[in-house]
1. Build a GNM of the chain with springs between Cα atoms under 10 Å: which of S39, S15, S96 gets the top mean-square fluctuation?
2. If the elastic network links every pair of Cα atoms under 10 Å, which of A18, A31, A109 fluctuates the most in the Gaussian network model of the chain?
3. Please give the length that would be gained between D105 and S39 if that part of the chain were fully extended, namely 0.36 nm times their separation in residues minus their C-alpha to C-alpha distance (nm, one decimal).
4. What FRET efficiency, computed as 1/(1 + (r/R0)^6) with R0 = 35 Å and r the Cβ-Cβ distance, is obtained for T70 and A116, rounded to the nearest 0.05?
5. Determine the dipole magnitude for the chain: charges of +1 sit on the beta-carbon of Lys and Arg, -1 on that of Asp and Glu, nothing else is charged, the reference point is the Cα centre, and the result goes in debye to the nearest 20.
6. How many Å³ per residue does the convex hull of the Cα positions in the chain occupy?
7. For the chain, what is the number of Lys pairs with C-alpha distance below 23 angstrom, counting only pairs 8 or more positions apart or on separate chains?
8. Return M43, M101 ranked ascending by Cβ neighbour count within 10 Å, so the fewest neighbours appear first.
Amino acid sequence: MSKYPSRLVIATRASRLALWQAEHVQARLQALYPECEVSLLKMTTRGDQILDRTLSKVGGKGLFVKELETALLDGRADLAVHSLKDVPVDLTTPFSLPVIMERDDPRDAFVSSGYASLEAL
């Protein structure tokens, strides 16, 4: 009998960035534990749905994690993956932040109001 679970479900927002992050964690877990089936539970959060108001006026950062936390509490997910910027400063019990993935080079940003790509410079 293995000491590792045979199946893990990762709760994630359905945005492109969140899916990339969750798929990255999924691939790392599957590489470390090939006998474990790792799947994604893609969710739309209240923060994703509110497009007409400033988030700070309707709940702040927690709007992007509440649905993920609910999935953890009710057993639909075993872990959640999302951007640290969306995690409230005060984590509520029973949640913890046990892992922060290794970061790639942070100097890879391109920000421009006048050009859509590097090639357009």
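1. Top of the fluctuation ranking is S96.
2. A109
3. Numbers: separation 66, 0.36 × 66 = 23.76 nm, distance 2.74 nm.
So the chain would gain 21.0 nm between D105 and S39.
4. Details: r = 38 Å, r/R0 = 1.09.
Taking R0 as 35 Å, the efficiency between T70 and A116 is 0.40.
5. Details: 15 positive and 16 negative charges, 63 e Å.
Value, rounded to 20: 300 debye.
6. Details: hull volume 18.7 nm³, N = 121.
Each residue corresponds to 154 Å³ of Cα convex hull volume.
7. Numbers: K42/K61; K42/K66; K42/K85; K57/K66; K57/K85; K61/K85; K66/K85.
Going through the chain pair by pair, I get 7.
8. Working: M43 18, M101 11.
In order of increasing Cβ crowding within 10 Å: M101, M43.
Quick note: the coordinates plus some simple rules give every number you see, no bench work behind them. The structure displayed is predicted, hence computed values, not measured ones. Note that each Cβ is placed from the backbone with ideal geometry, even for glycine, and that neighbours are counted across all protein chains shown.
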